[in-house]
Every structure is written in C-alpha cells, then in structure tokens.
Amino acid sequence: MEDIVTSTPTVRVALFDISGTLVSVNAWLGITQAPQISTARRRWLIGSHLPMWLAWKMRVYSEIRFRDRWIRGLAHLLKGFHRDQVQEICAWGVNTYLAPYYREDILEELKNYKQSGSTIVLVSNIFQEFVDAMCQRIGADGGIGTLLAYDDANIATGKIASMPSAGPQKVENVIAWLQQHNIKANLSTEAAAYADSISDVPLLSAVQYPNATYPDAQLRAYAQQHQWRIVEK
C-alpha cells in the first residue's frame, strides 16, 4: 500500500480521469444499466465486443483500440434517443448508479486543488453528456469527453462526432480545451493529473505531477519505474 499525500501541490490545472479514478467502476455502466436501455441492446453490446475484450485481456489487442471500438459500440447503444433523453440517461448514471462508487479520497484531493484556485478538468473517453453531468455533481470547472453525433432533430445517430478521448488524444483535447477557455498553463510545469490505466500514460507523462490512481498492473509498474506517485488506500 502506498502512502497518500494529504496536501496537494499548487498548480494551475488539475486533470482527472473518471473510470477507475474518480469512481471505482467503469463509468459506462451508468449508461448500460440505465432503465431506458433494453436488455436486447445490452446483450448486443456485450456479445459483439466480447471477442475483442478477451483479446485485450490476453494482450493481443491493444487497450487503445479496444476503448475505441467500445465507445463506438456504446454510441450505437444510444441510437434513436433524443439528446434530452441521452442527458437524462447520463445524469441517472452519474447521480444514481455511480453514487456508491465515488472514491472519497480522490474527491478530497480534487477539492483541495479547487480550494487552492486550480482549474479542475475531467478528461474521459465517456460521452460529453456524461462528463458534463459529473462536472456538475462534483464541482469541476469543465470536462472533456467523446462527442456523440446527432441529426438535425437532435436524435442520436449511433455514431460519434469526434475522436475518442483516450490515449494521446486526451492530451491534445486538454491543450485545445485550455486554449478555447483562454487558460494559459504549461502542462509540464503547472499541472497535475490523476488516472488509473496504462492507456493514460500520455496524459500522466504530460504533466508536472502525475498521480497513478488505483492503477492497473501495467500502470503500477510504469509508475514505479518512473517514480511517480501512486495513490490508493
């Protein structure tokens, strides 16, 4: 068990992943388990992605590729829903389904950054509507997720409208978000980041204070090799 630092450094920007970091489970469960999602749709999602999941676990299929395919499958799960319904599903996921799974120790560190004046940004592969709902719940200043595609009637098309916010794309998205919001911050000297997955190495490597948060086995080994802080109880 690693020691947990009770104070946080002073930074301009603090970045937080969601799945496995702010919550102890996969955030997408807050979508797949929503009452509005039929059992048939759930079965389709699991059945169509099981071979890739097994290949990923056997390390013959990269995590980044799997996450890309998975978020595209999750988008198909929401095909036909109105934008308002998607927002309702995401709000339910954030506030009801995930309620027992928030990591209070990580939320406390987030709160410390906020009180010290840092800009808090959530960065996740999950849909923007989900990230926005979580920002509202925990008081983050903004969030970056994957964009869902909608038609002119605001009906979800079953596709995504941006590159999945995962791997190196997360770093590009953060830089773009900071520029759009006129926040001048050098990630390598003025930022901290929290994430749990080996796929988040690009994000953690980009900041001054990387925090491997309840890390998977690969990220733990990488963090130890690079003397990064490991955060867990």
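Rule-based calculations on the coordinates, nothing more; no lab input. Quick caveat, the model's predicted, so the values are computed rather than measured. In this analysis, Cβ positions are derived from the backbone assuming ideal geometry, glycine residues included, and neighbour counts consider all displayed protein chains.
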### Query
Mind checking which of 220, 83, 59 has the largest fluctuation in a GNM of the chain, springs on alpha carbons under 10 Å?
59
### Task
Please give the FRET efficiency for residue 83 paired with residue 226, using the beta carbon to beta carbon distance and R0 = 41 Å, rounded to the nearest 0.05.
0.50
## Note on the structure
When the chain is treated as a Gaussian network with springs between alpha carbons less than 10 Å apart, the largest mean-square fluctuation among 208, 115, 169 is found at 115
### Message
Give me the extension gain from residue 233 to residue 162: residue separation times 0.36 nm, minus the current Cα-Cα distance, reported in nm with one decimal.
### Response
22.0 nm
### Query
What Rg and what Dmax come out for the chain when only alpha-carbon atoms are used, in angstroms?
17.2, 52
### Top positive-direction residue, dipole computed over region 148-220 with Cβ charges, set 157, 174, 210
210
### Query
If you average the sequence gap of Cα pairs under 8 Å that are 6 or more apart and divide by the length of region 13-231, what percent do you get for the contact order?
23
### Message
Taking 25 Å as R0, compute the FRET efficiency from the Cβ-Cβ separation of residue 10 and residue 65 and round it to 0.05.
### Response
0.10
### Task
Using the number of other C-beta atoms within 10 angstrom as an exposure proxy, rank 163, 134 with the fewest first.
163, 134
#### Entry: Candidate aspartates and glutamates - alpha carbon under 14 Å from residue 159, same-chain residues fewer than 8 apart omitted
68, 151
### At R0 = 30 Å, FRET efficiency that the Cβ-Cβ distance of residue 179 and residue 40 yields, to 0.05
0.10
#### Entry: Order of 19, 205, 188, 165 under a 10 Å beta carbon neighbour criterion, fewest first
188, 205, 19, 165
### Message
Using the basic label-point model (7 angstrom from Cα toward the beta carbon), what is the residue 188 to residue 141 distance in nanometres?
### Response
2.2
### Distance (nanometres) between label positions extended 7 Å along Cα→Cβ at residue 99 and residue 153
3.4
### Message
At a 10 Å Cβ-Cβ cut-off, how would you order 101, 214, 194, fewest neighbours first?
### Response
101, 214, 194
